[in-house]
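The values are calculated or read from the model by the stated rules, or taken from the named source; none is laboratory data. What you are looking at is a predicted structure, and each value in this text was computed from that prediction instead of being measured. Cβ placement follows ideal geometry from the backbone for every residue including glycine, while neighbour counts extend to all protein chains displayed. These area figures cover heavy atoms from the full protein model, side chains too; ligands, DNA and RNA do not enter into them. Shrake-Rupley method; radii C 1.70, N 1.55, O 1.52, S 1.80 Å.
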Amino acid sequence: MFKKNIISCCMFLASSLFVVSSIPSLGSSKPHLTDLVEYGEKTYEDVTELQRNAILANEILIQSFEHSDTILYPEDYAGVFIDYDKLHLVLTPGADVQHYCDVLGEYCDYVIFDFADYSFNDLLSLSEEYISRIPENALSSVGIMSDIDAVHIEVYSEYEDEVIKCINGDFSVDDNYDFFGSVRRAILADHLLITFTDSKISSTTSFIPSGNSVQSRNNVSSVFGTSTLGGSGTYTHSGTTNDSFLVAGHAINSTYNLLFYSNNYIGTMQYCRFTNNGYGDFAFTTMSSAYSPNYYTHVSYYGTTTLTGYVLSPPQYASVSTYGQTSGAASGMVIETGITAIYQYYIGYSNNEPQYAEITIKGLSKIKLSSGSCASGDSGGTVRSGYSFAGIVDASNIEVGNYYVYFTPYYYINQAGFTVCTN
């Protein structure tokens, strides 16, 4: 059984104490998912409080990196993941640990330094290589799993033969691979985990605290989409700042109004990020004079809570919650980041039948739900880390009773000019 090799040692460097472990190269061995410390009977609120300092440490790291359309990761950075109350910061051999501890400051106490062969950039390059090599209609999603220093590719079972031809080097096949409690057929290769699925990813379109239902409509006759309000705040562009609502990009049409409870006009689209190979799936609308930004978000159909801050991008194994108008509250953990997902989205009716198209979206993160579900109408719903805004729901799929939710981290939304309202 492949297990993470923990080196029980500490080293002194520049008078600082670091806890160090290592993640061995996968090779063609079986990549075994990290043996995380169990949280027992702790509630979602208990777990997010335990993870709080680890989450903040990751926020400091993200803000220290350079940025373009996406985060520009240092060449010695290999990713992060949470185990219980500690953030594992994975680096390549020879990385300057002292530099990272200086960046983290007091939060270095909540970090364990791991080492792995491939950097995060290496894994992103490997993912792009396989995206270009595997037939497009065979791909479901491609993401990064820093705890096993590997790219995870999810493909449709019917294309197994074509996918195998695309693999470089030796590989092995496991008919009973345990993928977070779901048994899958898997291919294991060097820094590569391929699992097979028969479940397609679909956008969850079917919003004034976030979590309420809204529609993109042409006057009062044609409904483009019903979805969930992700949040409210301000959108700044070309030196001008306007009050705005946040919604899923695929759930709004540029020529339609945004309506609350089917007939109350609340705005029209200002900006939309929903393009093939773009980073994230979100949009900002104007806010009519009848409304103003607020920091409340639904946690149940009648209940709300206050957003007290934000998290740019929850790391792997962070505990998060979601809320959608259709499914209500749900919670789970982030299992992959840096995902490129190919999913279906609604484009209208033809011959009395709903019509769908496919699109490739980058930069998403993936949650495995441990409670609740996700369904049509939940797109745009708030993703929280504790009481901090962390992003919005975009798509989901279900496999053997397990729900997986894909979301745009707040990082991309904020980079585009939107500031969520918090208390």
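Residue-by-condition table, conditions (1) within 22 Å of His250 (Cα to Cα); (2) modelled with pLDDT of 95 or more:
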{"position": "Gln316", "(1), (2)": "no, yes"}
{"position": "Gln325", "(1), (2)": "yes, no"}
{"position": "Gly328", "(1), (2)": "yes, no"}
{"position": "Tyr343", "(1), (2)": "yes, no"}
{"position": "Ser350", "(1), (2)": "yes, no"}
{"position": "Tyr356", "(1), (2)": "yes, no"}
{"position": "Thr360", "(1), (2)": "yes, no"}
{"position": "Leu364", "(1), (2)": "yes, yes"}
{"position": "Gly372", "(1), (2)": "no, no"}
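Filtering segment 322-332 to residues that are out of contact with any Leu (no Cβ under 9 Å at 6 or more places or on another chain) and either surrounded by fewer than 23 Cβ atoms within 10 Å (Cβ to Cβ) or of a type in the set (Lys, Arg) (or both) leaves Thr326, Gly328, Ala329.
Out of Ser206, Ser221, Ser210, Ser216, one residue alone is surrounded by fewer than 22 Cβ atoms within 10 Å (Cβ to Cβ), at pLDDT below 70, of a type in the set (Gly, Ala, Ser) and touching a Gly at 6+ places or on another chain (Cβ under 9 Å). It is Ser206. Within segment 277-300, can one find any residue that is under 30 Å from Val37 (Cα atoms), part of a strand (DSSP E or B), open to solvent by 10 Å² or more (accessible area, probe 1.4 Å) and hydroxyl-bearing (Ser, Thr, Tyr)? Within segment 277-300 (the criterion being under 30 Å from Val37 (Cα atoms), part of a strand (DSSP E or B), open to solvent by 10 Å² or more (accessible area, probe 1.4 Å) and hydroxyl-bearing (Ser, Thr, Tyr)), the answer is no, since none of the residues qualifies.
Do we find a residue being β-branched (Val, Ile, Thr) and under 27 Å from Ala57 (Cα atoms) anywhere in segment 341-358? Please lay out each step first, then the result.
Here is the first cut: in segment 341-358, the residues β-branched (Val, Ile, Thr) are 342, 347.
Filter again for under 27 Å from Ala57 (Cα atoms), leaving none.
No, every residue in segment 341-358 fails to be β-branched (Val, Ile, Thr) and under 27 Å from Ala57 (Cα atoms).
Figure legend. Inter-residue proximity from segment 400-416: first residues of a type in the set (Val, Ile, Thr), second residues assigned to a loop (DSSP other than H, G, I, E, B), beta-carbon distance below 6 Å, spacing 6+ or different chains. Indicated pairs: Val405/Cys374; Thr408/Gly280; Thr408/Asp281. The single condition among (1) open to solvent by 10 Å² or more (accessible area, probe 1.4 Å); (2) in a strand (DSSP E or B) that Ser125 does not satisfy is (2).
Within the bounds of segment 344-358, is there any residue that is within 30 Å of Tyr84 (Cα to Cα) and buried (at least 19 other Cβ atoms within 10 Å of the Cβ)?
First, pick out the residues of segment 344-358 that are within 30 Å of Tyr84 (Cα to Cα): none.
No: segment 344-358 contains no residue that is within 30 Å of Tyr84 (Cα to Cα) and buried (at least 19 other Cβ atoms within 10 Å of the Cβ).
Scanning segment 276-306 for residues that are farther than 30 Å from Ile359 by Cβ and touching a Leu at 6+ places or on another chain (Cβ under 8 Å) yields Tyr295, Tyr296.
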